[in-house]
Amino acid sequence: MAEQDITRYSYKDIFSLSTVQFEKACVFNKPEQVDAYNVYWIKKGKGTYNIDFKSYTFQDNVLFFLSPGQVFTIDSEAIQEAYKISFVRDFYCIQTHDKEVACNGVLFNNVYQTPFVKPCTKDTQKLEFILEGLIQEFKTDQAAQYDMLQTYLKQFIIHAVRVRKEHHTIKEDQETKLFKDFSVLVEQNYKTLHTVTHYANRLGLSPKSLAKHFNKIGNQTPSDFIKNRILLEAKRQLIYSNHSVKEIAYNLGFNDAAYFTRFFKKGTLKSPLQFKKEY
């Protein structure tokens, strides 16, 4: 991809917008581990992305939401028009603003569901309008630019949440709320807490009661949920860090590297070194 084919606007290396427009489709392939919050809006194009080792095929007008730490690999891509919004926590903290925008666990930090949405024609027009304002603000050098840029970003995120809720059913019943609370706890503690009992206690439930709630919404067991999150991080570190298997084991709360290797092999049918070599 030629450098002149991409227009990039940025604010102090903490917030940026990149636009891609080609007369002919262009293929771009660069594996990466995401180090910021990223929104990819593929308006015209098609391809297959691998996000956290799962494959997603798309065609035209789709939004992807990636969080720091996620593994993003492009299998194939032919893009004619696309946008990439990138921001760090210091510019806009989604956890702090979650009550306002309700995006945490819906758009970002959601490694358990499909990470994209498809806006309809009306939604597309609204998102385009927001981006046009954002681009104009990037081009100005006036007072309170930081606040204006943050406002446009917030508008974009809020509308994306509305699109997802409109076109992707998000239940609000007791089991769904419990599942989200449990998944947030796991996300915060999976490197140190590995048993269902730890999480059930924090939720004020017995392990058996927690398992019953999971069963009602057809999800995997709480134990498998925890194990899969640990395995995901193990895969990320094996591929995108220089840590040894022993170091990764300790990073993930295992005191015995041999036990970690058995845990990994049981979950993936491959040893850590074999997985690293074959990926």
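The values are calculated or read from the model by the stated rules, or taken from the named source; none is laboratory data. Since the model is a prediction, treat every value here as computed from it, not as a measurement. Ideal geometry is used to build each Cβ from the backbone, glycine not excepted, and the neighbour counts take in all protein chains shown.
Screening GLU32, GLU23 for residues that are in contact with a helix residue (DSSP H, G or I) (Cβ under 9 Å, 6 or more places away or on another chain), among the charged types (D, E, K, R) and modelled with pLDDT under 85 leaves exactly one candidate, GLU32.
From ASP60, ASP98, ASP90, ASP75, grab the single residue that is modelled with pLDDT of 90 or more and surrounded by fewer than 18 Cβ atoms within 10 Å (Cβ to Cβ). One residue alone meets the criteria, ASP60.
The residue that is surrounded by the most Cβ atoms within 10 Å (Cβ to Cβ), counting only those in segment 48-57 that are at negative phi and of a type in the set (Phe, Trp, Tyr), is TYR49.
Please enumerate the residues belonging to segment 123-145 that are free of Cβ contacts under 8 Å to residues at least 40 places away in the same chain and of a type in the set (S, T, N, Q). GLN125, GLN136, THR140, GLN142, listed by residue number. Cβ separations smaller than 9 Å between residues 6+ apart or across chains give the following pairs from segment 232-259 residues that are within 15 Å of SER271 (Cα to Cα) to residues that are of a type in the set (Asp, Glu): LEU232/ASP52; LYS235/ASP52; ARG236/ASP52; GLN237/GLU247; ILE248/GLU233; ALA249/ASP256; ALA257/GLU247. Of the helices (runs of 4 or more DSSP H) lying entirely inside segment 171-279, those carrying at least 2 residues that are within 20 Å of ASP52 (Cβ to Cβ) are 174-189, 222-240, 245-251, 257-268, 272-278. Screening HIS167 against (1) at pLDDT 85 or above; (2) in contact with a strand residue (DSSP E or B) (Cβ under 7 Å, 6 or more places away or on another chain) leaves a single unmet condition, (1). Which residue pairs have Cβ atoms under 7 Å apart, sit 6 or more places apart or on different chains, and have a first residue in segment 147-162 that is farther than 17 Å from GLU128 by Cβ and a second that is in a helix (DSSP H, G or I) and of a type in the set (D, E, K, R)? Pairs that qualify, where the first residue is farther than 17 Å from GLU128 by Cβ and the partner is in a helix (DSSP H, G or I) and of a type in the set (D, E, K, R), are MET148/GLU137; LEU149/GLU137.
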